[in-house]
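Here is the structure we will look at, set down as C-alpha cells.
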Amino acid sequence: MRKVFALNSKQISALIVISSFALLISFSKKDNENKNIQQPNSLFVPDLFEVTVVVDSIKGGLRHIAVNSNGDIYGKVKESGKENRIVALRDLNKDGKADLIERFGDYDNEGPYGTAMRIYNGYLYCSSELVVYRYKLTPGQLLPSATHEVILTDDHPHGMHEHIAKPLSFDDKGKMYVPFGAPSNACQERNRTPKSPGINPCPLLEDHAGVWVFDANKPGQTQKDGRRYATGLRSIVGMDWNAADKQLYVVQHGRDDLRLQFPEQFTPWQSAIYPSEEFLKIKEGSNSGWPYCYYDQVKRKNVLNPEYGGDGIKEGNCSEYEKPVIGFPGHWAPNDLFFYTGNQFPARYRNGAFISFHGSTNRAPYPQSGYFFGFVPFKNGKAVGNWEVFADGFAGVDPIVNTSDAVYRPMGIAMGPDGSLYLAETEKGKIWRVKYKGDRSEFTTAHLNKMEARKKLSHIRTPDPVKDNLRNIDMSAGEKVYTTYCVSCHQQNGKGDGNRFPPLDNSEWVTGDKEKLVKTVLKGLTGQIEVKGKMYNDVMPGYEFLSDTDISALLTYVRKNFGGGAGPVTVEDIAKARK
C-alpha cells in the first residue's frame, strides 16, 4: 500500500500551529524535569552554515538515508512490519522542504535493525536485518515501478537479534561490502554472563564478526557467494568507501559492560568511557582483534579483554591487531559514516569523514554521551588534526541521564546534488539539511570556536570520576545492585532505551507474577518477548551467582520504584524459585 501526503498551504499552516503547540507542551513538561533543556529545533553548527528542517517527523523513525541526483530523498524506516518500510520525499517547490511524502517497500523488515539505504548505479539498495534488496529507479519518478530484487540473504539461524544490522558500501569496481556482526558481546561461554570466560579460539570468527565482499549486481547471493574481506569486527552500523584513497572505512561499536561483567576489576567510570568506538581503515585481510582485545583510546593501544585474562592494563599479543584511525570514547554508538565529495562546503571538508553518534545507553552512573554529528578532516587520504563537533543540540538536554530523555538521536547522513548535507534521526524521523551560506574562501578555524566549546558539555567531554557521578549518594542495598547490574540496559528511570532494552517501568513483568520475575532474574532471557505491547529480541544474562539477599533487595527496589509500589520480594521467594 502506498500513502501519499500532498498538503496545501492552509493544511501546512494548520500543521505548523499544531506541531508548535505539541512541542510547547513537550518542552514545558521536560523543563519541569531538567532546567538545562535546549530547543532541539535550533541546532548548533559552525558559523556560516544554515540549517533547514526538511521534514519534521516520519512515523516509525529513520535509520540510513540516501539522496538521488534530482534531490529526492529515501529513508529506511526503523519500525518493523511487512510493508511500507521505505519513505520517499520530494521537494516540489524547491524551498528545501519535503512537500510530497510516499511510502513503499513490499518485504518483511523483521525488526528495528534494518538499516541500509544507498543509491548505486541507478538502483536503490536497502536492507532488513537479514536481507539486502534493491529497486530500479526510473529517472523523474519518485517511486520504483517494479518490485524488489533480493541481492543477499543472511541464511544463518538467529535466535536473537544482536549486531544484526546490514549497512552497505560500494567500491568503484562493482563490489558490495556487507558486515556480518558478532552475535555476542565478547565470545563468552555464556553470552553477557558476569565472569563467564571467553572461548579461544572464538568459533564465531568463521562466519561472523567481519566484512564480506559480494558482486553488487548478482541476485540471490548468500554468504558463501562472497569472500571474507576483514575480520575481528564486532558490530558495524556505519561504513563508507573513500573515493580519495580507494579504501573501505568503518566505525565499530566496542564491547559493552566491563563493570557489569567484571565488577571487581573495572570501576563504573572505566566502564563508562571504555572501550573505544573505533574508526577503522579496512584493507583486505585486516584483523581488528575482537573478541580478544579492545582499543584503549587514552593509552592509544590495544589491550586484552577481561574474558581472555585482561585487566585494563595487560596487552598480551594485542599489538598484532589493527589500530584505528581514531579511537572515540566508549559507547557513543557511531551509526553512520560518510565521506564528503561535494564542493558546496569549504575546501577543508572535501573528502573528510562525517560520523553520526547515536548516543550511549550504558554509561550510568555517568551522563549518557554522544548524540551529535562529528567530522574528521582528511588530507591526501589520511586523517589530520582532531575530530570536530559538526552538528549538536539533538538531545535537547544536558546532562543526559537516561537515553529516553534525548528528544532526537542522530543516525543517517547523505549528500544532496548541490553538496548540502542531510542529517536524519531515529526517534521522530526528522531530517535536516545543512547548507553553507558564506564565501568558501573566507572560512577559517575561527568559525569552529563555538563548536569546540561544545566539547565541554557533559554529553561530549570525558566525565570527571567524582563530580560527574550522578549516583554519588547513599543508596539502598537494592539500588546498589540495580546500579551495578541493571541500569546499563534498563536505565536509571527504568524506561529502557526504547529499542533494544525493554522498560521495567509499569511493565507487566514487574507488576505481575513474582515467581516469573524471580526466575527471569535467575535464569535470564534469550529470544523474542513482548513488553507493554512491544516486541523485543535481545539477551538478558542470568544472575544466579547473586545471593538470595541481593536478589530480594534488587526486586523489592524494582517493584517499589518501577511497579507502582508493588509489594516486596522476600528471600524466601528467591529460595523457592531456585528450587
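The values are calculated or read from the model by the stated rules, or taken from the named source; none is laboratory data. No experiment lies behind these values; they were computed from the predicted model shown. Because the Cβ atoms are built from the backbone with ideal geometry, glycine has one as well, and the counts that use them run over all protein chains shown. These accessible areas exclude ligands, DNA and RNA; they are computed on the full protein's heavy atoms, side chains included. Shrake-Rupley method; radii C 1.70, N 1.55, O 1.52, S 1.80 Å.
Annotations
- Per DSSP, loop GluC sites (Glu not before Pro) in region 514-579 with at most 12 further Cβ within 10 Å: GLU544
- Full extension of the chain between THR138 and LYS523 gives 133.3 nm of extra length, using 0.36 nm per residue less the Cα-Cα distance.
- In order along region 400-413, phi translates into HN-Hα couplings of 9, 7, 10, 4, 5, 6, 6, 5, 10, 10, x, 8, x, 10 Hz, rounded to whole numbers, per the Karplus curve 6.51 cos²θ - 1.76 cosθ + 1.60 with θ = phi - 60° and x for Gly and Pro.
- For the chain, accessible area per residue (1.4 Å probe, heavy atoms of protein chains only), Å²: 40 Å²
- Taking amide H atoms as placed 1.01 Å from N in the peptide plane, the amide H of ILE58 lies under 5 Å from those of GLY429, LYS430, each 5 or more residues away in sequence or on another chain.
- Each Lys and Arg adds +1 at its Cβ and each Asp and Glu adds -1 at its Cβ; summed about the Cα centre, the chain shows a dipole of about 660 debye.
- A Cα-only calculation for the chain places Rg and Dmax at 23.4, 74 Å.
- Relative to the longest principal axis of the Cα atoms of the chain, helix 9-33 runs at roughly 30 degrees.
- Under the Karplus curve 6.51 cos²θ - 1.76 cosθ + 1.60, θ = phi - 60°, whole-Hz ³J(HN,Hα) for region 484-498, x wherever Gly or Pro sits: 6, 10, 10, 5, 5, 9, 8, 6, 5, 8, x, 9, x, 10, x
- Separation of region 529-556 from region 349-419 is 32 Å, based on Cα centroids.
- Under 20 Å from the Cα of LYS218 - lysines, other chains or at least 8 residues apart: LYS136, LYS166, LYS173, LYS175
- The figure for TRP212 is an accessible area of roughly 10 square angstrom, using a 1.4 Å probe on the protein chains alone.
- Relative contact order %, the chain, counting alpha carbon pairs below 8 Å whose residues are six or more apart: 13 percent
- Prolate/oblate/rounded label for region 358-400 (Cα gyration tensor, a/c 1.5): prolate
- Projected onto their three principal axes, the Cα atoms of region 482-575 cover extents of 33, 26, 23 Å, largest first.
- Rounded to the nearest 10 Å², the accessible area of LYS323 at probe 1.4 Å: 120 Å²
- Positive dipole terminus of the chain, leading residue within THR426, LEU48, ALA216 (C-beta point charges): LEU48
- Crossing angle, helix 548-562 versus the chain [Cα axis fit, 0-90 degrees, rounded to tens]: 50 degrees
- Rounded Å value of the spacing that divides the Cα centres of region 255-278 and region 442-474: 21 Å
- Carbon/sulfur fraction of accessible area - the chain, other protein chains in place, 1.4 Å, %: 51 percent
- Cross-link partners of LYS523 among lysines (Cα-Cα below 19 Å; sequence separation of 8 or more within a chain): LYS195, LYS514, LYS576, LYS579
- Taking a ≥ b ≥ c as the square roots of the eigenvalues of the Cα gyration tensor, region 302-431 is oblate, since a/c reaches 1.5 or more and a/b is not larger than b/c.
- Partner lysines for LYS450 [C-alpha distance under 26 Å; skip if fewer than 8 residues away on the same chain]: LYS30, LYS35, LYS379, LYS382, LYS430, LYS435, LYS437, LYS467
- Per-residue ³J(HN,Hα) for region 246-251, Karplus 6.51 cos²θ - 1.76 cosθ + 1.60, θ = phi - 60°, Hz, x for Gly and Pro: 6, 9, 8, 10, 9, 10
- For MET475, the accessible area of its heavy atoms, probed at 1.4 Å with every protein chain present, is near 50 square angstrom.
- Positive-pole candidate from LEU205, VAL67, PHE545, dipole of the chain, charges at beta carbon: VAL67
- Ordered from highest to lowest accessible area with the whole protein assembly present and a 1.4 Å probe, LEU522, LEU204 read as LEU204, LEU522.
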